[in-house]
Amino acid sequence: MTTTPVVKFSELKQEQLSEFLHDRIQVPEDLQANVMVTTLDKVYNWSRKSSMWPLLFGLACCAIEMIATAASRYDLARFGMEVMRPSPRQSDLMIVSGTVTKKMVPAIVRIYNQMAEPRYVLSMGACATGGGPFKEGYTVVSGIDKYIPVDVYVPGCPPTPEALIYGLLKLHEKVERQSITTVPWYRKGASEAIPVPVLGPDIFDPRKVQIIKEQTLGSAGAAKGGAAGKARLQPQPIPEDVKARIHAAQAKYRAQKQPA
Amino acid sequence: MTEATMVATAPAVDSSLPYNDAVPGAVVGEWATDTDKALFVAPDKLLALLTHLRDKEQYDLLSSVTCVDYSAYKGKARAGIPERFDVVYHLYSTKKGGGPVRLHVRVPDDETVPSATSVYPGANLQEREVYDLFGIKFEGHPNLRRVLTWEGFHGHPLRKDWKEAYYEEEAKPFKSRHPTGGYHWHEDKLPWGDNNTYPAGWDPDSWQEPVTYVPVSQAPHHGFGELDTQSIVINLGPHHPSTHGVFRMLTRMEGETILALEPEMGYLHRNHEKIGERNTWLMNMPFTDRLDYINSMSNNLGYALAVEKLLNIEVPERAQYIRVIMAELTRIINHTWSIGFILNDLGALQTPALYAIEEREMILDLFEEVSGARLMCNYMRFGGVVRDLTPGWEERAKYLVHDRLPRALDQLDELLSGNEIVKARGRGVGYLPAEDLIALSVSGPMIRAAGIPYDIRKVEPYCIYDRFDFDIPTLPESDIYARYYIRLLEARESVKILQQALRDIPKKGEVLGGKGGYTFRPVEGEAYARVEAPKGELGYFVVSDNKANPYRYHVRSPSFINLNALGPMSVGYKVADAVVILGAIDIVLGEVDR
């Protein structure tokens, strides 16, 4: 019987995760009490993960468990996370705690766009992850990841505070693995804002306008009333002209935001 | 004119029907089903009858306004009635107590109903909800806008012929999932991979969001003397730390003084009622947990009572006690939580709340022990509770209710009630007289803090509440401080009930009566059951057509209807007070938007 050693991802990244680099960089003996050698990434990530401020943002039931996590028994302050900021400008982490409805999604996307980078999103509970028990509802979004990128998903309905803390620790691990040389927020150019969905007859993502038009204005739409047809239609990539229009809108938006 | 033609033009008034002697021709029939009785009312006489009931018969509380779309009704009772919709009114009396008067107004498609807001201003939000979800227009309503969905939304979702994007079948369990467990991804059927539908011929490029008239935009202008100040509209929410969730207050302000305030909701509309019609009766139980997610046990209880009325089940003795114990424990959770968050809104950020919810964890441990979940207990069943108490549970509960909870409540009282800031911010703020509160259909601690001893546990006892010795505390002031303090007093009464219940509970016995089982078909008819939930009157209106699924499932939620009073209570106070006034109503958005 052959045994293959289980190589964890963290073990592969051992080099980056090792506490001190004493083996490689020699610290003179008389300085060892005062000098510590480590990587810049390590210090940078340690400081970011140790004071990650969540956005004070409760959507539904999960928010109650989020409050319980911050309260006495579970004491989120142990992880430097008890300072919940109501302003997206001051917060690093958005905990999407609860059911995301179509009426609320434009506000959530705006809040996400307003958060300063580095920013993380934790999807708490079944509803925020995939719609949960309310998925079939007509005003419920099947998961916040349809609109904004999510870093950690915590299952549960609602997740217990222990589960949330486990998810937050996973997020800490993710932060620890990032490197200052590759993180997106130090790259050239401004990061792109996510287009805010619009409330029409039903909610629509500006990125999907072309697909919707084909369905509602095309022959398929006229015949089937725009509702679910029998043919299994697959999601299609965004056409180039739509992409160009989105980029133009974003450029216009950025031009407006430029200080005079 | 001959006698025969006269009868044809003006049908004879049936004087055997109630109220026809006072308002001739108002009641045109009686719907006698196997369960509760209902009166059919002529739409043109509705307002006269409501006025009569309010002024002469003391039915001063219009508890619930809802609607049923009978277009797919299969039962026998409805045969021969061509009208599609019934608008259903439940009236109660805060003076006499007792059961409701239930009125049905039959409406054909595309007809209007006179709005009850001129008689009962509390019909405001509920009529807007009926308009939003059923498309029935109320004539004379001051502000008939959509309330749970948004302006411009296509269709009226609770009509039986309106299908959502993820529609599979009329009723669960769906054939695709049962019994083989195969599952269709309904996202795959739609090209955009989402649960959205758009009407044919709609062009997203030319879409303009409709401009809606919101009453605050035309608030009265108050200049201070010669200084001509300009009032501004300020929008709090839907993401705002003061709004207890996703809720929006549109305020018109002059300086810091509120001239008008309009609540905007629907940011957590999760389609409980549409999903509830597809579910089987039992499947709705876990959904009720998620209405008022701070007290799932009370929600379970209300729904169980409503369906038990249809099923006619006897609940075993031990289960009755367990139900009362659970409901009162949630009341303590809710009231301490709400006290903590009133203080939060007053600016004492976090510290009082941490004290207030400390005992909550102890109670949640007890819940977790019996039900397996901290928050969403899903513990009650039709005919009892799902499983018996675990060994030693009663002793732990006794320790809590005799030792810890009274001390915790005394501690809160000691720390907060005499506090100078709480008094200064609370006394005389958010005042609304008791008559106005009742006219606005407000219930729960809010009206007891206005001096009305109206508690459903006393006026229309359910379960076994008539066996316990407890008081209904009232305070006359009807301000923030009274609303804070009444919750403390009520939590103490709950402790009293708990002590008695834990003393008297039978040591052994059945906990689940009836036949049990996952599927059953209740008799045809409708039932409305209400419980005194911690936030007010929580009612469930269910209509059965003898199928395994409810034909209609409506929740009369206290948080939603108590919001009627938010605008009138806040006018004239500062914006910082409005935050506390909202906090003292104690809303939970899961229940407001459902």
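The values are calculated or read from the model by the stated rules, or taken from the named source; none is laboratory data. What you are looking at is a predicted structure, and each value in this text was computed from that prediction instead of being measured. Glycine also receives a Cβ, built like all others from the backbone with ideal geometry; neighbour counts cover every protein chain displayed. Heavy atoms of the whole protein, side chains included, go into the accessibility calculation; ligands, DNA and RNA do not. Shrake-Rupley method; radii C 1.70, N 1.55, O 1.52, S 1.80 Å.
Among B:437, B:341, B:371, pick out the residue whose Cα is farthest towards the positive end of the charge dipole of the range B:315-457, where Lys and Arg carry +1 and Asp and Glu carry -1 on C-beta, about the Cα centre.
B:437
What lysines sit close enough to residue A:102 to cross-link, taking a C-alpha to C-alpha distance under 18 Å and skipping anything fewer than 8 places away on the same chain?
Counting by Cα, and skipping residues close in sequence, residue A:102 has these lysines nearby: A:135, A:146, A:208, B:163, B:274.
Which ³J(HN,Hα) values, rounded to whole Hz and listed in residue order, are derived for the range B:40-57 from phi using the Karplus coefficients 6.51, -1.76 and 1.60 in 6.51 cos²θ - 1.76 cosθ + 1.60 with θ = phi - 60°, glycine and proline given as x?
Result, ordered by residue: 8, 10, 6, x, 6, 9, 4, 5, 5, 5, 4, 4, 4, 5, 6, 7, 9, 9 Hz.
Roughly how many Å is it from the Cα centre of the range A:147-196 to that of the range A:22-69, as a whole number?
15
What percentages, rounded to whole numbers, describe P(r) for the range B:402-489 computed over all alpha carbon pairs with 10 Å bin width beginning at zero?
16, 39, 33, 11, 0
Listed here are the pairs B:309/B:515; A:103/B:175; B:309/B:547; B:137/B:535; A:49/A:103; which of them are more than 21 Å apart at the Cα? Write out the running numbers ahead of the final one.
On the way: B:309/B:515 15 Å; A:103/B:175 31 Å; B:309/B:547 16 Å; B:137/B:535 29 Å; A:49/A:103 32 Å.
Over 21 Å apart, Cα to Cα: A:103/B:175; B:137/B:535; A:49/A:103.
I'd like the accessible area for residue B:336, computed on protein heavy atoms only with a 1.4 Å probe and all protein chains in place. Round to 10 Å², please.
For residue B:336, the solvent-accessible surface is approximately 10 Å².
Would the range B:62-210 count as rounded, prolate or oblate if I go by the C-alpha gyration tensor, calling it rounded below 1.5 in a/c and otherwise prolate when a/b exceeds b/c, oblate otherwise?
Numbers: a/c = 2.27, a/b = 1.45, b/c = 1.57.
Oblate.
What is the P(r) of the range B:357-465, as percent of Cα-Cα pairs per 10 Å bin from 0?
Whole-percent P(r) values from 0 Å outward: 11, 23, 34, 25, 7.
Taking H placed 1.01 Å from N in the peptide plane, check which residues at least 5 places from residue B:147 or on another chain put their amide H under 5 Å from its amide H.
Close amide H contacts, sequence-distant or interchain: B:132.
With θ set to phi - 60°, apply the Karplus curve 6.51 cos²θ - 1.76 cosθ + 1.60 along the range B:131-137 and write out the HN-Hα couplings as whole Hz, x wherever there is a Gly or Pro.
5, 5, 8, 10, x, 8, 8
Would you work out if the protein assembly as shown is rounded, prolate or oblate? Take a ≥ b ≥ c from the square roots of the eigenvalues of the alpha-carbon gyration tensor; rounded if a/c is under 1.5, else prolate when a/b is larger than b/c, oblate otherwise. Please report the intermediate quantities before stating the final value.
Values: a/c = 1.56, a/b = 1.33, b/c = 1.17.
Prolate, since a/c reaches 1.5 and a/b exceeds b/c.
Starting from the Cα-Cα distance between residue B:515 and residue B:171, subtract it from 0.36 nm times their residue separation and give me the gain in nm to one decimal. Working shown, then result.
Working: separation 344, 0.36 × 344 = 123.84 nm, distance 2.25 nm.
So the extension gain works out to 121.6 nm.
May I ask you to give the percent of accessible area on chain B that is carbon plus sulfur, with a probe radius of 1.4 Å? Numbers along the way, then the final one.
Working: 11270 of 21550 Å².
Heavy-atom surface of chain B belonging to carbon and sulfur, 1.4 Å probe: 52 percent.
Just report the Cα centroid separation between the range B:487-557 and the range B:315-351, whole Å.
So the two Cα centres are separated by 17 Å.
Using r as the Cβ-Cβ distance of residue B:16 and residue A:151, and R0 as 56 Å, what FRET efficiency do you calculate, to the nearest 0.05? If you can, show how the numbers build up before the last one.
On the way: r = 70 Å, r/R0 = 1.24.
The pair residue B:16/residue A:151 has a calculated efficiency of 0.20.
Taking a ≥ b ≥ c as the square roots of the Cα gyration tensor eigenvalues, with a/c under 1.5 meaning rounded and otherwise prolate when a/b beats b/c, else oblate, which class fits the range A:55-192? Mind showing how you got there, number by number?
On the way: a/c = 1.70, a/b = 1.14, b/c = 1.48.
Oblate.
Heavy atoms of the protein only, probe of 1.4 Å, neighbouring chains included. What is the accessible area of residue A:41 in Å², nearest 10?
The value for residue A:41 is about 20 Å².
Show which lysines lie in cross-link reach of residue B:95 when reach means a straight Cα distance below 19 angstrom and same-chain residues fewer than eight apart are skipped.
B:56, B:458
At a cut-off of 40 Å², which residues of the range A:36-71 become less accessible once all protein chains are present than in their chain alone, using a 1.4 Å probe?
Residues of the range A:36-71 that lose at least 40 Å² of accessible area once the other chains are added: A:59, A:61, A:64, A:65, A:67.
Run the reach check for residue B:398 against lysines, Cα to Cα strictly under 19 Å, same-chain hits fewer than 8 apart removed. What comes back?
B:496, B:507, B:508
Counting only helical runs of four or more DSSP H residues, what would the 222 nm mean residue ellipticity of chain B come to if each run contributes -39,500 (n - 2.57) and the total is spread over all its residues?
Working: 20 runs with 195 residues, N = 594.
It comes out at -9500 deg cm²/dmol, rounded to the nearest 500.
Taking a cut-off of 39 Å, what percent of all Cα-Cα pairs in chain B are separated by more than that? Could the numbers behind the result be given before it?
Details: 53771 of 176121 pairs.
Distances greater than 39 Å cover 31 percent of the Cα pairs.
Using a 1.4 Å probe on protein heavy atoms only, how many Å² of accessible area do A and B hide from each other, summed over both chains and rounded to 100?
In total, chains A and B hide about 6200 Å² from solvent.
For the range A:130-149, state which residues have at least 40 Å² less accessible area in the presence of all protein chains than in their chain by itself, taking the probe as 1.4 Å and leaving out ligands, DNA and RNA.
Listed by number, the residues meeting the 40 Å² cut-off are A:134, A:135, A:136, A:138, A:139, A:146.
Computed FRET efficiency, Cβ-Cβ of residue B:207 and residue A:85, R0 35 Å: what is it to the nearest 0.05?
On the way: r = 35 Å, r/R0 = 0.99.
In this case the efficiency is close to 0.50.
Along Cα→Cβ, 7 Å out, is where each label goes; now give me the distance between the ones at residue B:151 and residue A:198 in nm to one decimal.
Using points 7 Å along Cα→Cβ, the separation is 1.7 nm.
Read phi for every residue in the range B:201-213 and hand back ³J(HN,Hα) as whole Hz from Karplus 6.51 cos²θ - 1.76 cosθ + 1.60, θ = phi - 60°, with x for Gly and Pro.
For the range B:201-213, the Karplus-derived couplings read x, 8, 10, x, 5, 9, 6, 10, 5, x, 7, 10, 8 Hz, x marking Gly and Pro.
Output the Kirkwood hydrodynamic radius of the range B:188-340, Cα pairs only, in Å rounded to one decimal. Walk me through the numbers before you get to the answer.
On the way: mean 1/r = 0.0482 Å⁻¹.
One over the average 1/r among Cα pairs gives 20.7 Å for the range B:188-340.
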